[in-house]
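One structure is given here, and the rest of the page talks about it.
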Amino acid sequence: MYSDIVKKGVEKTPHRSLFKASGLTDEEISRPLIGVVSSKNEIIPGHVHLDKIAEAVKAGVRIAGGTPLEFPAIGVCDGIAMGHVGMKYSLASRELIADSIESMALAHGFDALVLIPNCDKIVPGMLIAASRLNIPSIICSGGPMLSMNFNGKDRDLNTAFEAVGAFKAGTIDEQGLLDLEEAACPTCGSCSGMFTANSMNCLCEVLGMALPGNGTIPAVYSERIRLAKQAGMKIMELLERNIRPRDIITPDALYNALRVDMALGCSTNSMLHLPAIAYEAKAPISLDYANEISEATPNLCHLAPAGDHHVQDLYAAGGVTAVMNELSKANLLKLDTMTVTGKTQGENIKGREVKDYSVIRPLDNPYSKTGGIAVLKGNLAVDGSVVKRSAVAPEMLQHEGPAKVYDSEDEAIAAIYAGKIKAGDVVVIRYEGPKGGPGMREMLSPTSAICGMGLDKDVALITDGRFSGATRGAAIGHVSPEAMEGGPIAFVKDGDIIEIDITKGILNVKVSDEEMAERKKGWTPNEPKIKAGYLKRYSKLVSSAMQGAVMLDD
């Protein structure tokens, strides 16, 4: 066992003494040491209950003959961090999570890890750590929040954000705003739509790093506790069989993840996290590959924000394995990939038929013949940009309009609330990329304001930052190169005509090469908005969004 480096032999007498100081017996010390990484905190609603998940995981580990030892991981609530300086720390926290798990695991000689995330950056942060360490690991998430029917419609966090725009536009009053505030998030769990957290928790199943049900069993269901116990038991089997993350997260597994991503209509943030996970797993992917997969993948689900269904509906319809089984009928998946069940994906999804074809469309009647996400390129996004195509109104799939340019999200929000954005405009928000933000903020506040004001079918938003998984409308993010690196978005001016064609993957600014070259003369980037601490270091090391915003060593 790897943990022998901290417990075996006469030389490790002081080490064993320290374990005993923590209350461990000789029997416990002699067994495999399993790190249980819990991101429980009292801030994130998706994490407030993770102590219960951790206790169930530890019970499973003990049942199977291991010694579980719990330690924490940080987490940022994207909803609470939204729309202010706090959001600069959200994506950047992904690397802190991975680094801290690496530090704890190697410092204490763990034999294997059970990783308990639930929300946004915590899930990919833990997957990055597992891939980097490459010791037997399993993900066991906390599960999605339920949505609640209010005034005839299921509500979610996005409802609350869009209600602000509706209130500003005068279409609801203060009492209506309060009523939605109290109905939007009725239980603990990751917010109930196909937002970033639930996207990544579903994709954990597809990658093979989590047990079936991980992405869709609601947080408040007892089945979630049973799943956690099973994960605790399963890690002991993975350890015995020496099945490691890089045996699981292979190019074929990433291919499957991109396929299901397109079928589910996942968050555009998956296009940041999958390349980052692939980078650590030594199985790099190009997002150009994503468009190829999208072109041949039917979009089978319209979960919020793309439609009215929520993750609880996907669960009732058969979950992720049912979606995969449906895709397999057209030979769209690679089914011989290994998973944490100890079986292949083909074995995992066998017989998992769709239970409700109104939630998971059949192959011959998809929402669209192409996937939920598209990568756009052109002279405004030379290296690429990303849009959640399935959440765009049909009339906005092609659009031309004048640019309204802002050098920060804050400036753009102020302009939107002041009524300065009109139908047909293209809002351009720059200096919000990984380096320029720094931290690449999500922009749910401006997109929700646009939608709440009823302009989502008339106005597009483009940024070198990113958008929340809850965002709907023609919201195009990850524009690369970003403004801070001298990308073309830095030189767009008010009134420039922006051409968007999502069906053809085009994003252009109608400015001649000669004019663009003239604008670049003597250019210097804006001053960084944060010049000290972690984000200063992050800004210097982080790669572009199209490379996954990973921290590069050189």
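The values are calculated or read from the model by the stated rules, or taken from the named source; none is laboratory data. As the structure is a computational prediction, the values presented were derived from the model and not from experiment. So basically every Cβ, Gly included, is an ideal-geometry build from the backbone, and we count neighbours across all protein chains shown. For accessibility, only protein heavy atoms count, side chains too; no ligands or nucleic acids. Shrake-Rupley method; radii C 1.70, N 1.55, O 1.52, S 1.80 Å.
General observations
- Residue match in the stretch 436-455 (condition: touching a Pro at 6+ places or on another chain (Cβ under 9 Å), closer than 20 Å to Ser390 by Cβ and charged (D, E, K, R)): no
- Looking only at the stretch 31-47, residues that are open to solvent by 10 Å² or more (accessible area, probe 1.4 Å) and either aliphatic (A, V, I, L, M) or without any contact (Cβ under 8 Å) to a residue 12 or more places away in the chain (or both) come to 2 in all.
- The criterion of at least 2 residues that are small (Gly, Ala, Ser) and buried (at least 17 other Cβ atoms within 10 Å of the Cβ) is met by the following helices (runs of 4 or more DSSP H) wholly inside the stretch 149-221: 157-168, 196-207.
- Criterion applied to Glu28, Glu95 was being charged (D, E, K, R), open to solvent by less than 70 Å² (accessible area, probe 1.4 Å), farther than 29 Å from Met200 by Cα and in contact with a strand residue (DSSP E or B) (Cβ under 6 Å, 6 or more places away or on another chain), and the one residue passing it is Glu28.
Residue-by-condition table, conditions (1) assigned to a strand (DSSP E or B); (2) open to solvent by 30 Å² or more (accessible area, probe 1.4 Å); (3) touching a Phe, Trp or Tyr at 6+ places or on another chain (Cβ under 6 Å); (4) of a type in the set (Val, Ile, Thr):
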site	(1), (2), (3), (4)
Asp383	yes, yes, no, no
Val386	yes, no, no, yes
Lys422	no, yes, no, no
Tyr431	no, no, no, no
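- One residue stands out in the stretch 334-370 among those that are touching a residue at least 24 places away in the same chain (Cβ under 8 Å), hydrophobic (A, V, I, L, M, F, W, C) and in contact with a Gly (Cβ under 8 Å, 6 or more places away or on another chain): the one that is nearest to Asp313 (Cα to Cα), namely Ile360.
- Residues of the stretch 452-493 that are assigned to a helix (DSSP H, G or I) and closer than 21 Å to Ala393 by Cα: Gly452 alone.
- Ala210 vs. criteria of a type in the set (Gly, Ala, Ser) and within 20 Å of Met262 (Cβ to Cβ): yes
- Scanning the stretch 279-293 for residues that are hydrophobic (A, V, I, L, M, F, W, C) and more than 18 Å from Val375 (Cα to Cα) yields Ala281, Ala283.
- In the stretch 64-77, the residues that are closer than 15 Å to Gly125 by Cα form Cβ pairs under 9 Å with partners that are of a type in the set (Asp, Glu) and open to solvent by 10 Å² or more (accessible area, probe 1.4 Å), at six or more places apart or across chains, as follows: Gly75/Asp120; Val76/Asp120; Cys77/Asp120.
- Residue in the stretch 332-380 that is least open to solvent (accessible area, probe 1.4 Å), counting only those that are acidic (Asp, Glu) and over 14 Å from Ala296 (Cα atoms): Asp356
- The stretch 464-487 - residue that is charged (D, E, K, R) and under 18 Å from the mean Cα position of the chain (by Cα) and, of those, modelled with the lowest pLDDT: Arg472
- In summary, helices (runs of 4 or more DSSP H) completely within the stretch 52-146 and bearing 2 or more residues that are closer than 25 Å to Leu274 by Cβ, at pLDDT 95 or above and of a type in the set (Ser, Thr, Tyr) occur at 90-108.
- Scanning the stretch 9-21 for residues that are over 16 Å from Gly66 (Cα atoms) and either without any contact (Cβ under 8 Å) to a residue 12 or more places away in the chain or hydrophobic (A, V, I, L, M, F, W, C) (or both) yields Gly9, Val10, Glu11, Lys12, Thr13, Pro14, His15, Ser17, Leu18, Lys20, Ala21.
- Each residue in the stretch 163-195 was checked for being in contact (Cβ under 8 Å) with a residue 12 or more places away in the chain and out of contact with any strand residue (DSSP E or B) (no Cβ under 8 Å at 6 or more places or on another chain), and 17 pass.
- Residue in the stretch 495-511 that is open to solvent by 30 Å² or more (accessible area, probe 1.4 Å), among the hydrophobic types (A, V, I, L, M, F, W, C), in contact with a strand residue (DSSP E or B) (Cβ under 8 Å, 6 or more places away or on another chain) and touching a residue at least 12 places away in the same chain (Cβ under 8 Å) present: yes
- Residue pairs whose Cβ atoms lie under 7 Å apart, sitting 6 or more positions apart in sequence or on different chains, and linking a residue in the stretch 526-550 that is outside any loop (DSSP other than H, G, I, E, B) to a partner that is open to solvent by less than 70 Å² (accessible area, probe 1.4 Å) and among the β-branched types (Val, Ile, Thr), are Lys536/Ile530.
- All positions within the stretch 144-154 that are touching a residue at least 60 places away in the same chain (Cβ under 8 Å) and out of contact with any strand residue (DSSP E or B) (no Cβ under 7 Å at 6 or more places or on another chain): Leu146, Lys153, Asp154
- Answer residue from the stretch 400-409, given it is surrounded by 18 or more Cβ atoms within 10 Å (Cβ to Cβ) and out of contact with any Gly (no Cβ under 8 Å at 6 or more places or on another chain) and is farthest from Val459 (Cα to Cα) among those: Ser408
- Subset of the stretch 512-532 [closer than 29 Å to Gly86 by Cβ and open to solvent by less than 40 Å² (accessible area, probe 1.4 Å)]: Ile530
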